[in-house]
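The values are calculated or read from the model by the stated rules, or taken from the named source; none is laboratory data. Here the structure is a predicted model, which is why all the values come from computation and not from measurement. Glycine also receives a Cβ, built like all others from the backbone with ideal geometry; neighbour counts cover every protein chain displayed. Surface areas here come from the heavy atoms of the whole protein model, side chains and all, with no ligands, DNA or RNA. Shrake-Rupley method; radii C 1.70, N 1.55, O 1.52, S 1.80 Å.
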Amino acid sequence: MAKAKAPRRTLESYTVKPINKTIKPGDCVLMRPSDPRKPSYVAKIERIEADARGANVKVHVRWYYRPEESIGGRRQFHGSKEVFLSDHYDVQSADTIEGKCTVHSFKSYTKLDAVGNEDFFCRFEYNSTTGAFNPDRVAVYCKCEMPYNPDDLMVQCEGCSDWFHPACLEMTAEEAKKLEHFFCESCSSESQKLQNSLNASRLSDTKVDTKRRRR
Ligand SMILES: [Zn+2]
Ligand SMILES: [Zn+2]
């Protein structure tokens, strides 16, 4: 007769001894990869369970994929700390947890004063079977029409509010940092036109004035 499986119980929290950190469901953690040359895996803890004696602690996780682990691979607009919330669930030994980390929303990540080792951001959900992303469209910027990579410096046009890569403007990052005002190509030609028409009307005003004075 098959031995009955020992009942397991759910833990509300668990202290990972080697790192002395307490984890709870909802926390994001770094886990030791099977290949030590690879970066740590990033996961969200869904549930923590132990056997009846409170030993053999396992964590139910939902994996975050790094861009290089996705079917499409890393793209130019992917940030170095970008991860995708996948539909890939797993059960792992709690012993493989190396540390806690924070997966920020894109917006709060871009507002961080300093990005630490444990800071990541997520703006896409990822289907690990099809390689599809959700949302499948994101806002694009610059002449190159790329989504925003928070690692790259961009300058904002004061006319249209679009953002531009210095390199796409044939400018170095240093030059871009020194800019006090910036108008993109199409806005500067627009403002040039506007300026010209203002000048033209001023000229005609002057003429009217002159005529009046002559009378
Ligand atoms: Zn660009
Ligand atoms: Zn512009």
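Among (1) modelled with pLDDT under 95; (2) of a type outside the set (A, V, I, L, M); (3) under 30 Å from Val140 (Cβ atoms), which single condition is Thr102 missing?
The failed condition is (1).
Being crowded, with 17+ Cβ neighbours inside 10 Å and assigned to a loop (DSSP other than H, G, I, E, B) is the filter here; which residues of the range 121-136 pass it?
Arg123, Phe124
For the range 137-170, give me the residue count where each residue is open to solvent by 50 Å² or more (accessible area, probe 1.4 Å), over 23 Å from Cys122 (Cβ atoms) and more than 9 Å from ligand 1 (Cβ to nearest atom).
5
If you scan the range 53-78, which residues turn out to be within 24 Å of Pro135 (Cα to Cα) and touching a helix residue (DSSP H, G or I) at 6+ places or on another chain (Cβ under 8 Å)?
Selection gives Gly73, Arg74, Arg75, His78.
Can you confirm whether Ile48 is touching a residue at least 40 places away in the same chain (Cβ under 8 Å) and part of a strand (DSSP E or B)?
yes
For the range 154-186, give me each residue that is more than 24 Å from the chain's Cα centre (by Cα) and within 11 Å of ligand 2 (Cβ to nearest atom).
So in the range 154-186, the residues more than 24 Å from the chain's Cα centre (by Cα) come out as 158-159, 170-171, 175, 178-186.
Passing the criteria: Glu158, Gly159, Phe182, Phe183, Cys184, Glu185, Ser186.
Which of the residues that make up the range 92-111 are more than 19 Å from Asn20 (Cβ to Cβ), of a type in the set (Val, Ile, Thr) and open to solvent by less than 60 Å² (accessible area, probe 1.4 Å)?
Passing the criteria: only Val103.
Going by what's in this entry, would Val61 be described as open to solvent by less than 20 Å² (accessible area, probe 1.4 Å), modelled with pLDDT of 95 or more, under 16 Å from Glu118 (Cα atoms) and outside any loop (DSSP other than H, G, I, E, B)?
Criteria not met by Val61.
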